[in-house]
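Derivation of every value follows stated rules applied to the coordinates shown; laboratory data play no part. Note that the coordinates shown come from a computational prediction; the quantities given were computed from them, not determined experimentally. Glycine also receives a Cβ, built like all others from the backbone with ideal geometry; neighbour counts cover every protein chain displayed.
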Amino acid sequence: MEMTKLNRRNFLTAGAGAAGLGYMAAAMPAWARGHSVHGGGDTLIPAGFDEVSGEIIDLSIGSGHRIVEGRRGPGIAVNGSVPGPLIRLTEGQNVRLNVTNNLGVDSSIHWHGLLLPFQFDGVPGISFPGIKPKETFVYEFPIRQAGTYWYHSHSGLQEQSGHYGPMIIEPRGGDPIKVDRDYILLLSDFTTLDPHFVMNRLRTGEGYFNRQQNTWTDDYEMTGEERRMWAKMRMMPTDIADIGAPTYTFLANGSGANEGLEYLFKAGERVRIRVINGSAQSFFNFRIPGLAMSVVATDGQAVRPVEVDEFQIGTAETYDVIVEPGNAEAYSIVAESMDRSGMALATLVSAPGARASLPALRDPPLLTMADMGMNHGGGDMDSSSVDHAALGHGAMPVDKMASGEMPDMDMEGMSMDGMNMRDTSLLPPDVAIGPGIDMVSMAPVDKMDDPGLGLRDVSHRVLNYRMLVARDANADTREPSRLLELHLTGNMERYMWSFDGRMYSAVSDVPIGFAWNERVRVKLINNTMMAHPIHLHGMFFEMVNGQSPALQPRKNTMIVQPGASAQFDLTANEPGDWAFHCHLLYHMHGGMMQTVTVAGPGAAS
């Protein structure tokens, strides 16, 4: 059958079902169907979204308040709703997006994952000055790709308040993936608090929002020696996420778990669900109990279908999955927060109002010695065993790259005494040592096969990066000419985040430089105990995950696990200045960001 397009009519039909869904056609006010919010804090912003398309698209950014499951909080809307409207485009077309800022402060829109001229990337201070209040900025560029993407503010902390929305780009000539229904599920997190208050609290006490802090009487399987080690690092094994429920309410298309988001199906149909993590700060473990999922794309790029029962989706990642519902009346779609404090929820229904059993929240996961860069018992040893002085950090010859031939480091049974998790001698000489670093992983290893915190010991099939294979061969399979090594660093207690010990405020005018069309391998070493979804603007990279160079999966956002490393290959063929940062909103604003500059064709190398 031909793919059922998710136009406004069938989206509302699919999502309406239960009474009380505020975006049914008859109930939606006219201003919520493509007009800006002008009423400030007194204007109620509804959940759900309309659709816009064409060669010229008008978008307006406005403010108001949101009510989610009876809780009221600040809101920033695009075209009057949260999420903002679905932007539907077609590969090969040109688009002009007229974005008007009706806020009292500067704003912006970044088109996440799109290939475009850098001056339209939408990052104030890097690619353009931002959009002043009451002004309109015109983004105009050709559409060079297809797939599932999204957009969001890159100004202040507006993303937290609702400034985000989905984008689908249809393939030129038709989609080779044939489905009967095609749905969007945009995950996010809502708080009643002003995001600037949240940031201030994190800086003055990073554990302020952690409701899962352990005590000496908790029944965790830790020795006294291990507890002392955690205390020395001023961390807890329950420090999984900076913010969880009840501070956050987790949303599906702007609706809380109890607000009844539904997607219609008939038994035997092929249903595509485009899962977008548009949250500010949350990882989700995604599953549909009773249904296998076939992953067919990530970050808009097609992969060979791989069947799993669950996957972890980091902030800013997207995954397209296909499911084939059976004869059950309904199936719960569960996006459980990584710290398992709450979930976003939707339901596949054969008839409006049908419901499936809802799984209980699972026990919160705990960080381990491996997440401190210790006790891996396998994997490739990383830069702690490399002679940095001989190789030169950031410019290692490709023949010195980690190849899997390094010896394993198994610390099981070793005493914690004398192990200094702040031993900065393990870092290369050009990492800035100072108050911004409170931990150094002792033996970080490649963990591309790590499914993520909380999913390592489940009995069912879970996706990991090694399982991803590009559907279409990569155009550039040249061997990288050099290795750029970057350390992800931070101080949890002071809530300082950085690359190589330098916060963005210290390096904003010192970009990472690439020559035109240069082929580079980038190695990210996570010296912190938190997972970081690292996003590169303006270009796709190929994850080094054990596949041949032609089949390495293409992404623009990649999770680097705690105390671990990850690598990607990059062809620097998009000239201009691009942001490169952790996509956890408060980590980026805490300093984990840099500028990447790609020289134009013909520039001196």
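A few comments on the model shown:
- The 3J(HN,Hα) values that the Karplus relation (6.51, -1.76, 1.60; θ = phi - 60°) gives for segment 170-182 are, in residue order, 6, x, 5, x, x, 7, x, 8, 9, 9, 8, 9, 9 Hz. Gly and Pro appear as x.
- Beta bridges by DSSP in segment 30-174, antiparallel share as percent, to the nearest 5: 60
- Sequence-ordered 3J(HN,Hα) estimates for segment 499-509 from the Karplus curve with 6.51, -1.76 and 1.60 and θ = phi - 60° stand at 9, 6, x, 10, 6, 4, 4, 8, 10, 4, 9 Hz, glycine and proline given as x.
- Packing around the peptides 107-113, 545-551, taken as the average count of other Cβ atoms within 10 Å per residue, puts them in this order, highest first: 107-113, 545-551.
- Label-point separation in nm, residue 458 to residue 134, each point 7 Å along Cα→Cβ: 5.2
- Separation in nanometres of the label points that stand 7 Å from Cα toward Cβ, at residue 192 and residue 550: 5.8
- Of 168, 177, the sequence from fewest to most neighbouring Cβ atoms within 10 angstrom is 177, 168.
- Estimated from the Cβ-Cβ distance and a Förster radius of 35 angstrom, the FRET efficiency linking residue 476 and residue 506 is about 0.60.
- For residue 150, the residues whose modelled amide H falls within less than 5 Å of its own, excluding neighbours fewer than 5 places apart on the same chain, are 112, 167.
- The H on the amide N of residue 80, modeled in the peptide plane, is under 5 Å from the matching H of 37, 62, each at least 5 residues off or on a different chain.
- Under 5 Å from the amide H of residue 468 lies no amide H of any residue 5 or more positions distant or on a separate chain, with H modelled from the backbone and absent for Pro and chain starts.
- Neighbours of residue 513, meaning other residues whose beta-carbon lies under 13 angstrom from its beta-carbon, give a summed charge of -2 when Lys and Arg score +1 and Asp and Glu score -1.
- Among 467, 544, 582 the positive-end extreme of the charge dipole of segment 447-592 (Cβ point charges): 467
- Take each peptide in 144-152, 514-522, count the other Cβ atoms within 10 Å of every residue, and average; sorted highest first, the result is 144-152, 514-522.
- Computed 3J(HN,Hα) for segment 586-593, one whole-Hz value per residue from the Karplus formula 6.51 cos²θ - 1.76 cosθ + 1.60 where θ = phi - 60°, is 6, 6, 4, 6, x, x, 7, 7, glycine and proline marked x.
- Remark: 472, 121, 509 ranked as 509, 472, 121, counting other beta-carbon atoms within 10 Å and listing the fewest first.
- Fewest-first sequence of 588, 558 by Cβ atoms within 10 Å of each Cβ: 588, 558
- Shown here for segment 275-343: GluC sites (Glu not before Pro) in loop regions (DSSP other than H, G, I, E, B) with at most 15 other Cβ atoms within 10 Å, namely 329.
- With R₀ set to 41 Å, the beta-carbon distance separating residue 329 from residue 597 gives a calculated FRET efficiency near 0.15.
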